[in-house]
């Protein structure tokens with residue numbers, strides 16, 4: 001029979017996972033630190049997800065941490081190992097620090113955690129549940145499994161030893177999400193969270209558009225290869241309905257300018273012709289003119 005504390009631990013973690021599910025439905029994959037620090041209420045007690053340290057235990061869970069976090073420019077170099085597990089560094093250098101003991105206890109008891117990875121300062125990609133599956137005292141690091149099958153088992157605490165999950169697939173997916181969200185957040189920040197074409201400021205409707213696609217050799221995930229566009233103008237840009245010249249002015253395709261199809265076409269596309277895009281702050285993050293020139297040649301060929 002489980003102890004009262006174990007029962008509370010189980011119910012708090014399930015409530016935490018359900019809360020995170022709802023928040024990602026509202027805010028998307030990336031959650032702001034302020035929201036995570038506020039957390040949720042469980043039986044009248046507030047349960048935050050993050051605190052000053054990377055390994056975090058809310059007061060309601062005195063034994064085992066609820067979450068671990070990887071920050072930007074933090075003191076630890078968390079990474080992925082050759083076996084496609086997350087390498088999560090100890091708190092400090094003492095293996096018996098209470099935070100490290102807590103993660104070791106989570107490993108032994110197969111207790112799930114939440115993993116937050118910063119994509120930009122103050123915004124985190126959340127993955128849950130993850131499990132501590134290794135402890136390397138010599139390297140001062142734990143091994144964290146964020147496998148896709150584990151992620152799907154949101155109400156299961158133990159993973160069958162008979163299952164050999166495809167960790168490589170899960171790791172690729174996590175890395176892709178980190179790459180995509182990091183690029184998106186950095187581009188939107190540079191453009192002050194507004195569309196470079198129409199100034200729309202609804203973050204839910206904004207994308208980080210690549211000038212040169214990330215499948216191309218020049219398509220690096222740098223802000224200078226990105227432009228913040230609303231979903232309408234992102235689709236129009238990708239479809240070559242308009243292009244952006246190296247002088248940062250937009251040019252609408254001639255056949256689109258000749259069309260007559262109501263106010264959306266007029267105000268959404270035709271009025272962009274010869275207008276200058278909004279540029280980011282600082283100016284050193286402005287679109288790379290050589291990349292724009294290459295992309296503009298594709299636009300002209302399409303027209």
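If the condition is being touching a strand residue (DSSP E or B) at 6+ places or on another chain (Cβ under 6 Å) and under 20 Å from residue 29 (Cβ atoms), then the range 187-205 contributes 187, 188, 191, 205.
For the range 283-303, enumerate the residues that are out of contact with any helix residue (DSSP H, G or I) (no Cβ under 8 Å at 6 or more places or on another chain) and touching a residue at least 24 places away in the same chain (Cβ under 8 Å).
In the first step, residues of the range 283-303 are kept if they are out of contact with any helix residue (DSSP H, G or I) (no Cβ under 8 Å at 6 or more places or on another chain); the result is 283-284, 289-290, 292-302.
Of everything in the range 283-303, those that are out of contact with any helix residue (DSSP H, G or I) (no Cβ under 8 Å at 6 or more places or on another chain) and touching a residue at least 24 places away in the same chain (Cβ under 8 Å) turn out to be 289, 290, 292, 293, 294, 295, 296, 298, 299, 300, 302.
Name every residue in the range 201-217 that is more than 18 Å from residue 246 (Cα to Cα) and surrounded by fewer than 18 Cβ atoms within 10 Å (Cβ to Cβ), in order of residue number. Scanning the range 201-217 gives 201, 202, 203, 204, 205, 214, 215, 216, 217. Residue-level analysis places residue 251 outside the set of residues that are at positive phi and in contact with a helix residue (DSSP H, G or I) (Cβ under 8 Å, 6 or more places away or on another chain). Just give me the residues in the range 268-286 being within 22 Å of residue 185 (Cα to Cα) and not in a loop (DSSP other than H, G, I, E, B), in sequence order. Selection gives 283, 284, 285.
Here is a yes/no grid of residues against (1) within 25 Å of the chain's Cα centre (by Cα); (2) surrounded by 15 or more Cβ atoms within 10 Å (Cβ to Cβ):
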| position | (1), (2) |
| --- | --- |
| 188 | yes, yes |
| 235 | yes, no |
| 242 | no, yes |
| 248 | no, yes |
| 260 | no, no |
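Bear in mind that the values in this text are calculations on the coordinates, not laboratory data. The model shown is predicted, which means the values in this text are computed figures rather than measured ones. Every residue, glycine as well, gets a Cβ built from its backbone with ideal geometry; the counts of neighbours run over all protein chains shown.
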